[in-house]
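See structure below.
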Amino acid sequence: MITNIIITFIATAVLWPTYRLLFSSSNQFQFNRFMLLSMTAFTLVLPFIHIRFPQQMTDNVAIAQNITNYFMLREIAVKSQNAVPQGFDWLQLIAYIYMIGVVVFLAKMTFNILRIYVIAKKNETENIDGVKVVKTKEEHIPYSFLNYIFMPEGEIDPQILRHEMSHVRHHHSLDILFIEIATAFQWFNPFMRLIKKDLQNIHEYTADRDVIDNGADKTDYMMLILQQCTAMGTSARPSASTQIANNFSFSLTKKRIKRITRIRTKMDKIL
């Protein structure tokens, strides 16, 4: 298990910087999404991939490893006798800590999902184009999860609704759920959080592009983002229960506006 942990950490430590270097500035959002999801899936299955080497090479490696292990075990045994009481299993302790972390992260994810569904059940819901729009009484950032969109009561801005509709149509919530599960099994790995953050950024850029492609004026839409950010202020931060949802993010305001200015509309592409 410890070997698997080391392998996954090394894999993400190599793959994520490579992605950032080569692809992060690209406007090919679907490709970037595929890359991040594939990278995550690869790190999960990598420890279970066994590469077969020629028999002679395998025998030589096994002999060298046995000799190394013999001397290492003797040294460890001597140090252990002098340092700690006999019978204390550090590897077992590490395994317990790891499993506790996995259970805690999975439990937190499950709790957040249940809380979102509780919010959906206790508030008024309207069906718009096959998507359930939940109108809540609290002020919060509009966000979406699976086939639900959560927005504060009052008049619904069509551009914000279209933004959240994009998240639903592209099944972005499934991406987040997959990353959350992967993170639960690699909770020790800071690169998993960086991958999740990049994936959420891609989701926001994709939804912004869909809004622009559906006829929204770039300048008006950028002003909407800024106005919403100013009006909501610090209360615009999503609650812990919506961390697994796609939200109308204001923390990315500058990055999103820069991306929007680079988006070519469908009419631009034709001309």
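The values are calculated or read from the model by the stated rules, or taken from the named source; none is laboratory data. Fair warning: this is a prediction, and the values are worked out from it, not measured in the lab. Note that we place each Cβ from the backbone using ideal geometry, even for glycine, and neighbour counts take in every protein chain shown. All accessible areas refer to the heavy atoms of the entire protein, side chains included, with ligands and DNA or RNA removed. Shrake-Rupley method; radii C 1.70, N 1.55, O 1.52, S 1.80 Å.
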message = Pairs please, first residue from the range 20-40 and without any contact (Cβ under 8 Å) to a residue 12 or more places away in the chain, second anywhere and in a helix (DSSP H, G or I) and not aliphatic (A, V, I, L, M), Cβ atoms under 9 Å, 6+ apart in sequence or on different chains.
response = 26/32
Sole exception among (1) at pLDDT 90 or above; (2) open to solvent by 50 Å² or more (accessible area, probe 1.4 Å) for residue 183, by number = (2)
ask   = Going by the structure shown, is residue 233 at pLDDT 75 or above, surrounded by fewer than 19 Cβ atoms within 10 Å (Cβ to Cβ) and small (Gly, Ala, Ser)?
value = no
task = Test residue 115 against the stated conditions and say whether it is farther than 18 Å from residue 177 by Cβ and either surrounded by 14 or more Cβ atoms within 10 Å (Cβ to Cβ) or at pLDDT below 80 (or both).
result = no
ask   = For the range 17-38, how many residues are closer than 15 Å to residue 175 by Cβ and among the hydrophobic types (A, V, I, L, M, F, W, C)?
value = 6
note = In the range 168-208, anything more than 14 Å from the chain's Cα centre (by Cα) and either within 24 Å of residue 12 (Cα to Cα) or not aliphatic (A, V, I, L, M) (or both) is listed as 169, 170, 188, 205, 206, 208
First in the range 159-175 and under 21 Å from residue 196 (Cβ atoms) and open to solvent by less than 30 Å² (accessible area, probe 1.4 Å), second anywhere and part of a helix (DSSP H, G or I) and among the charged types (D, E, K, R), Cβ under 8 Å, 6 or more apart = 163/208; 163/210; 166/210; 175/33
